[in-house]
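The values are calculated or read from the model by the stated rules, or taken from the named source; none is laboratory data. Keep in mind that this is a model prediction, so the values were computed, not measured. Cβ: placed from backbone, ideal geometry, glycine included. Neighbour counts: every protein chain shown. Heads up: the accessible areas ignore ligands, DNA and RNA and are worked out on the full protein's heavy atoms, side chains in. Shrake-Rupley method; radii C 1.70, N 1.55, O 1.52, S 1.80 Å.
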Amino acid sequence: TQLLEQSPQFLSIQEGENLTVYCNSSSVFSSLQWYRQEPGEGPVLLVTVVTGGEVKKLKRLTFQFGDARKDSSLHITAAQPGDTGLYLCAGRPSSNYKLTFGKGTLLTVNP
Amino acid sequence: DSGVTQTPKHLITATGQRVTLRCSPRSGDLSVYWYQQSLDQGLQFLIQYYNGEERAKGNILERFSAQQFPDLHSELNLSSLELGDSALYFCASSVGWAGDQPQHFGDGTRLSIL
């Protein structure tokens, strides 16, 4: 059983469209991180959210941590081909200090 | 550039063999993490070292072992290799030991078992 469930698993959209990907769990997390991984490279940290209800913006990317700290979402406005990649969420459960990764959402933005 | 260096980038070997993957963490980072990434399992945490000591264990097989040396570089040893061990192996580093520290990943070693 995956502690962090990400959806959708795959997403293919046209340049300029908006999208939202989700990261859900039945567990409470002390913090949650989002990474982007491009082909042939390791994951790169985008943001960390730590407070329930927190919203963080990174240019066209908006990250939200659920009020109960069990879920998170990533919204991309006006997607560009450079946004293509595997988006991974990772969380540290309140019960321990290990970071657990979801399986990711593979996003393809077509020109 | 994350500052984390992994070698080799690619490794092709046969079943039953043993290989060693190497990782140099980012300057100043004391923690090193090893992960295995496959299409069906995603990114799986294997083991963490902090300042030379084992800190946390994940889904690491008994055929696998790791260590962190005094200069903080780390090696992951995989033995009695099986076809199912074919995967991307990533090393990451962070300043502290807690799981919510930002982790900086290397570009991985792609291991192919023939």
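Think of each Lys and Arg Cβ as +1 and each Asp and Glu Cβ as -1; about the Cα centre, that makes the dipole of region A:10-97 roughly 300 debye. Amide H to amide H distances under 5 Å link A:Leu46 with A:Trp34, A:Tyr35, A:Arg36, where only residues 5 or more positions off or on other chains count and H is placed in the peptide plane.
Applied to region B:29-44, the Karplus parametrisation 6.51 cos²θ - 1.76 cosθ + 1.60 on θ = phi - 60° returns per-residue 3J(HN,Hα) values of 7, 9, 9, 10, 10, 10, 10, 10, 10, 10, 4, 7, 9, x, 8, 10 Hz, with x for Gly and Pro. Residue ranking by accessible heavy-atom surface, 1.4 Å probe, largest first, among B:Glu75, B:Glu62, A:Glu5 comes out as B:Glu62, A:Glu5, B:Glu75. Solvent exposure of B:Arg55, expressed as accessible area, is near 90 Å², computed with a probe of 1.4 Å over the protein chains only.
When the other protein chains are added to the chain by itself, burial of at least 50 square angstrom of heavy-atom accessible area (probe 1.4 Å, ligands and nucleic acids ignored) affects these residues of region A:24-51: A:Pro43. Of all DSSP bridge pairs formed entirely within the protein assembly as shown, close to 90 percent run antiparallel.
Within the shell of other residues whose beta carbon sits under 12 angstrom from the beta carbon of B:Gln103, the net charge comes to +1, with Lys and Arg scored +1 and Asp and Glu -1.
Rolling a 1.4 Å probe over the protein heavy atoms of chain B, with every protein chain left in place, gives an accessible area that is 48 percent carbon and sulfur. Computed 3J(HN,Hα) for region B:50-63, one whole-Hz value per residue from the Karplus formula 6.51 cos²θ - 1.76 cosθ + 1.60 where θ = phi - 60°, is 10, 6, x, 10, 5, 10, 8, 10, x, 8, 8, 6, 5, 6, glycine and proline marked x.
Taking the Cα centre of the protein assembly as shown as reference, the dipole from Cβ charges on Lys and Arg (+1) and Asp and Glu (-1) amounts to some 200 debye. Kirkwood Rh over Cα pairs of the protein assembly as shown into Stokes-Einstein at 10 °C, 1.306 mPa s: D in µm²/s? Translational diffusion coefficient: 88 µm²/s.
What quantity of accessible surface, computed with a 1.4 Å probe and excluding non-protein components, is buried in total between chains B and A, in Å² to the nearest 100? Counting both chains, the buried surface is close to 1600 Å². Could you work out the relative contact order of chain A? I mean the mean sequence separation of Cα pairs under 8 Å and 6+ apart, divided by the number of residues, in percent. 37 percent.
Of the whole protein surface, A:Thr105 contributes about 0 Å² of accessible area at a 1.4 Å probe radius. Buried on complex formation within region B:74-114 (loss of at least 40 square angstrom of accessible surface versus the isolated chain, 1.4 Å probe, ligands and nucleic acids ignored): B:Gly99, B:Asp100, B:Gln103, B:Phe105, B:Asp107. Computed with a 1.4 Å probe over protein heavy atoms only, the accessible surface of chain A comes to 47 Å² per residue. Taking the charge dipole of chain B about its Cα centre, with +1 at Lys and Arg Cβ atoms and -1 at Asp and Glu Cβ atoms, the residue from B:Val32, B:Gln67, B:Ser79 reaching farthest to the positive side is B:Ser79. Between A:Asp67 and B:Asp1, the distance separating the two model label sites (each 7 Å from Cα on the Cα→Cβ line) works out to 4.7 nm. If you take all other residues with their beta carbon under 13 Å from the beta carbon of A:Val28, and give Lys and Arg +1 and Asp and Glu -1, the sum is +1.
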